[in-house]
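The structure under discussion appears below in the form of structure tokens.
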Amino acid sequence: VTRVLILGAGIIGILTASIFKKEGKSVSIYDINDFRSHKAVNLSFDKHTTGKNYDVVINTTSSTNGLNLAIELVRKEGLIIEASWYGKGYQNIKLSGRFHFDRLQIKSSQVSCIPEYLQGKWDFLTRKQKCLSYLLDEQYEAYIDRIIDFEELPAEFSKIRKNQMDYLSLLVKYQ
């Protein structure tokens, strides 16, 4: 894996991109939201502009439009990782044409358990230690745009539901 594209520059997309970047991968990010797209560039991530030759495309958008875009942008025989949760509904995904012709792979991401093939190398504790080692890096402080008191949270939920957030992530203070 050398070229990685993250679809979605929300907090999950940014954190995913930062881990791949720490591991020495070439990472680009794409988001249709201008604020998040500019934030990703300000955090020193490359912005996807053109090209369809990514080894891995990770969809963090929670949108089938993102998954369908991943199918368009991954290289022949490339890997798409679906990191979104869609709930109980059915989704329209383009599994015709290029998906079959180019032998693309879609893999589901499930972070609540460790895949069987990795269980000899990783367990809950080693995974937790790895995550904490990443979070101790001061770069992550740049990902927090606002700090609010717990009492302000109900008003924020209205913005979140309407996708009117003017921040990447929010830290809630409990007193």
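All other residues whose Cβ lies under 14 angstrom from that of residue 68 are scored, Lys and Arg at +1 and Asp and Glu at -1, for a net of +1. A Gaussian network model of the chain, with springs between Cα atoms under 10 Å, assigns the largest mean-square fluctuation among 70, 155, 142 to 155.
Within the same chain, lysines fewer than 8 places from residue 173 are excluded, and of the rest, those with a Cα less than 24 Å from its Cα are 39, 128, 159, 162. For the pair residue 92 and residue 112, the difference between a 0.36 nm per residue extended length and the Cα-Cα distance amounts to 4.7 nm.
Look at the Cα gyration tensor of the chain: its axes a ≥ b ≥ c give a/c of at least 1.5 with a/b over b/c, and that counts as prolate. In the chain, Cα pairs under 8 Å separated by at least six residues give a relative contact order of 18 percent. The GNM of the chain, with springs linking C-alpha atoms under 10 angstrom apart, assigns the highest mean-square fluctuation among 110, 119, 91 to 119. Taking a ≥ b ≥ c as the square roots of the eigenvalues of the Cα gyration tensor, the range 136-175 is classed as oblate, since a/c reaches at least 1.5 and a/b does not exceed b/c. Considering only 43, 73, 118, the Gaussian network model of the chain with Cα springs below 10 Å gives its largest mean-square fluctuation to 118.
222 nm [θ] for the chain, helices only, -39500 (n - 2.57) per DSSP H run of 4+, per residue, to 500?
-9000 deg cm²/dmol
For the range 1-104, the set of chymotrypsin sites (Phe, Trp or Tyr not before Pro) satisfying both a DSSP loop assignment and a count of at most 16 other C-beta atoms within 10 Å is given as 85, 86, 90. In the context of the full set of protein chains, residues of the chain present 66 Å² of accessible surface per residue (probe radius 1.4 Å, heavy atoms only). Membrane-span-like helices in the chain, defined purely by DSSP H runs whose alpha carbon atoms cover 27 Å or more axially and whose average Kyte-Doolittle hydropathy reaches -0.5, do not occur.
Ignoring ligands, DNA and RNA, please state the percent of accessible area on the range 114-175 from carbon and sulfur, probe 1.4 Å.
Of the solvent-accessible surface of the range 114-175, carbon and sulfur hold 57 percent.
List the aspartates and glutamates whose Cα sits under 13 Å from the Cα of residue 25, skipping any in the same chain fewer than 8 residues away. Within reach: 46, 55. Multiplying the residue separation of residue 148 and residue 122 by 0.36 nm and subtracting their alpha-carbon distance yields 5.8 nm. Counted residue by residue at 0.36 nm each, then reduced by the alpha carbon distance between them, the extension gain from residue 101 to residue 155 reaches 14.6 nm. Once you sort the root eigenvalues of the Cα gyration tensor of the range 78-175 as a ≥ b ≥ c, which label holds: rounded (a/c under 1.5), prolate (a/b larger than b/c) or oblate (the other case)? Judged from the Cα gyration tensor, the range 78-175 comes out oblate (a/c at least 1.5, b/c at or above a/b).
The values are calculated or read from the model by the stated rules, or taken from the named source; none is laboratory data. Keep in mind it's a predicted model, so treat the numbers as computed, not measured. Reconstructed Cβ throughout: ideal geometry from the backbone, glycine too, with neighbour counts over all protein chains shown. Accessible surface areas use protein heavy atoms only, side chains included; no ligands, DNA or RNA. Shrake-Rupley method; radii C 1.70, N 1.55, O 1.52, S 1.80 Å.
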